[in-house]
Structure formats: C-alpha cells, structure tokens
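Visitor: A single structure is presented below for examination.
The values are calculated or read from the model by the stated rules, or taken from the named source; none is laboratory data. These numbers were taken from a predicted model, which means no experiment stands behind them. All Cβ positions, glycine included, derive from the backbone under ideal geometry; neighbour counts span all protein chains shown.
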Amino acid sequence: MIRSLGKPTSLFFIVNALACIGLNIGVVGVNWFIIDATRQNSVLGAYGAVSVISAFVTLALSGHFTDKYNKIDILKYCCIGQAVLFFIVGLAHALQMRAGYIIALLALLNMPLMVIFSIVSRGAVAHVWDKQNLARGNALLEVTLQLGAMCAALLTGLLYGRFGFSVLIALGGVVTLCAGGVLLVCPLKIDFPAAVRESYWSGLRKGLIYLVRHRAVFLYGLVAFVPTIVISVSNNVIPGYVEQTLKAGAGVYGAGDICFALGALLAGWWASRKSVPYTKLKAFIYFGLSMGCMLVLMLSARVWIFYMGVFLVGVVLAQLRIGLNTLFMDVADKEYLGRSLSLLMALAMGVQAVMAYVIGKLMDAFGAPTGFAVLVGMLAVGGVLLLWGRKEKDF
C-alpha cells in the first residue's frame, strides 16, 4: 500500500510512523505517570490545560513558518528536539527529582514540538497527493499515526510497571531520535511550493484575513478538529477511569489504548483502499455512533466493555477525522494551508485547554465516568458545527 507511493513519499510515511511511537509515549506514558504519581484527575487536567496553552501559543506564533520553511526540515528538528526533552526528563526521574517539577517541565515543553510535527506532517499530505487522492493520503497518515499510538500503548503497558517511567520515556527519546536521524541520513525529495518570502507579521495577518474571508474554509476547519480535540481530551479521561472506575493498572490502560489504535488503524486501512465519497449524512452518522459509544463507556465499569468501546470509538473517530480533513484540504488553498491549520489548531487548543481542566475537576467531584459525558457534549457541538457549515458549502 505505502510502497506504491514511491521511495521518497514511502519514506515520509515510515518516518511519521516511527516518530509517532516516540511522540505517543510522551502522551500515553506521561499521562499514566501523572495519575500514578499523584492519584488526582485534577492534576492531570491542570497538566493538560497548561500543555495545551503552551501549544496554543506555539501554534499561534508558528503558522507563518510552517509555510515559509521546508516541511521536511521542520519535521527533522521537531523529532530531534523532542528526543532531547525526553532524555532530560528520563534523567531527572532517574535522579529522583520531585514528580511535581517533572510534570511542570513536561507541561511547558512536551506539547509544542509535538503539535508542530502534527500540523506540518498533515499539511505535507496535500503536497504529496493530488486532490483526487487526498482521502487516501489522509487515510495512510491515519494508519501511520495509529501504528505509532498502538506501539506506544503496548510499550507503556509492558514497560512502565516493570522498569519504571525513566526507561519508558528514554525509549521514547530513542525512537523519536531515530525518526529525526532517518531524515538526516535520507533527505526526502518532495516538491513543495516556493517558500513564502514575506515578513512574519504580514504572513500571519494574511492567514487570518484568508480565514475570515473564506467562511467555508473556517467552518470546515473547525469541524475537522472536533475529533482531534475529543481524542486528545480523552487522554485526560481514560487514565482516571481505568484507575478509579475499573480498579485496574497500567496493563489495562495500555491495552485500552491498543484497542483504540487498532480500531483507528482498521478504519485508516479500509479508507486507504476504498475511494468512497464522503457525504454529510455519513458524517452525522459517525458523530452519532461515537456519542453512543461514549455513553456506553460512561455507564459501564467492566474491562471487556471498555476494550470493545474504545475499539469502536477508534474506528468511528478515525473515519470521521479522515473524511473531515479531506474536505478541509479540498477547499483550502495550498498557499495558506500551513497557516490555516496552525491558526485553527491554536483555536482548537484553546478549547482543549479549558476542557482538560474542567474535566479533571468534574471527574474528581462527580466520578471518573463524568469525563465521558463531557466528551459526548463536545461531539454534539461538532454535529451542530456540521449543520452550520452546510449553509456555506454543502458537505
């Protein structure tokens, strides 16, 4: 499937899969470390809020640069920078630095490079594939993301309890560094548009004006980020749910993430092989199914239902994200794609920061399943945005 792309673009997707293993260890492993070290959902929620705020600031300031500089170089330096951070954190934990200091360091620095990598990688898909094959390109990217997430969840489940957080996060650094090393040793020759030569503030202003004047692009972008917000915020819900509602440990937590990744991987693989038109009705169905799965998880306290539920959520949200991202890339101009993605994701991160903090407080006050109720509400908002977007350009 990936081999048919040719060597440069095949290597692009392989690097993404490799990098996503390390980057997802920085999500799955870190979130479990916070719950294990503090036993408080509110701390994990506060960590998520601060992380998202730092990512918000990064995205708001970096949108112009994602269009100005070569995307492969940006991916390379993101991988190397993330690896350095993981090595520092692993060493600090091995030297028994207080958990609070480690959590604060990660809250400020873990997310920015990760979100830049995600934005640049997704923006590059529009240059790797033509418009007729954007759905396949987004599906293949979803496959690489979920392969990385699945491997990270497996490593967390196997290694955290036996070897500890230091070894796990250091391994994340090694894998991420390998992804950057591949880009150093094997430069990818992909044709990107000529670099934007205008000043930073001019480029940022034009990006904002573009979104304001093209309401369909703005609404498509907002809808497209709803599944990503839900997936990200669920990382603040599931650790506390597993530890407090299911009364289970890192093994069940890791296995649940593997189930989610398997579902999303299956959805991505299917979408990459079938050129099926994506319709507005199909999007509404996916929103409804994902809300139903979240409600089942909220009402259940059984491990096997947890596994089945997160698997189905993975299938549905991956299909939804692939289709909505394809629609967005189809209407957005490539010249403004990097800035549009960065500015819209910055807005999404602002929402995510608030929701992460609120969810942590609600889960401590009313019980861990409350987090799934909030996720259902967020998906309902996505359905409303989809209805609103129909007025601008039919899905």
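Visitor: Out of L299, L289, I need the residue that is more than 19 Å from the chain's Cα centre (by Cα) and either buried (at least 20 other Cβ atoms within 10 Å of the Cβ) or within 24 Å of L387 (Cβ to Cβ) (or both). Which one?
Guide: Values: L299 fails: either buried (at least 20 other Cβ atoms within 10 Å of the Cβ) or within 24 Å of L387 (Cβ to Cβ) (or both).
Just one listed residue meets the conditions, L289.
Visitor: While we're here: Tell me, yes or no, whether segment 82-103 has at least one residue that is modelled with pLDDT of 85 or more, assigned to a helix (DSSP H, G or I), within 20 Å of the chain's Cα centre (by Cα) and not aliphatic (A, V, I, L, M).
Guide: yes
Visitor: Considering only segment 61-74, I want to know if a residue exists there that is modelled with pLDDT of 85 or more, aliphatic (A, V, I, L, M) and assigned to a helix (DSSP H, G or I).
Guide: No, there is no match, as no residue in segment 61-74 is modelled with pLDDT of 85 or more, aliphatic (A, V, I, L, M) and assigned to a helix (DSSP H, G or I).
Visitor: Among the residues that make up segment 184-193, is at least one of them modelled with pLDDT under 80, among the hydrophobic types (A, V, I, L, M, F, W, C), closer than 30 Å to A318 by Cβ and in contact with a Phe, Trp or Tyr (Cβ under 8 Å, 6 or more places away or on another chain)?
Guide: There is at least one residue in segment 184-193 that is modelled with pLDDT under 80, among the hydrophobic types (A, V, I, L, M, F, W, C), closer than 30 Å to A318 by Cβ and in contact with a Phe, Trp or Tyr (Cβ under 8 Å, 6 or more places away or on another chain).
Visitor: Within the set of pairs 6+ apart or on separate chains, which have a first residue in segment 144-167 that is in contact (Cβ under 8 Å) with a residue 60 or more places away in the chain, a second that is aromatic (F, W, Y) and assigned to a helix (DSSP H, G or I), and C-beta atoms under 7 Å apart?
Guide: Partner pairs satisfying both residue conditions: T144/F13; T156/W32; G157/Y253; Y160/W32; F165/F33.
Visitor: I'd like to know if segment 241-249 contains one or more residues that are buried (at least 22 other Cβ atoms within 10 Å of the Cβ) and out of contact with any Cys (no Cβ under 8 Å at 6 or more places or on another chain).
Guide: Within segment 241-249, one or more residues are buried (at least 22 other Cβ atoms within 10 Å of the Cβ) and out of contact with any Cys (no Cβ under 8 Å at 6 or more places or on another chain).
Visitor: List pairs: first residue in segment 240-252 and closer than 13 Å to Y160 by Cβ, second residue part of a loop (DSSP other than H, G, I, E, B) anywhere in the structure, Cβ distance under 6 angstrom, at least six positions apart or on different chains.
Guide: Correct list of pairs: V242/A248.
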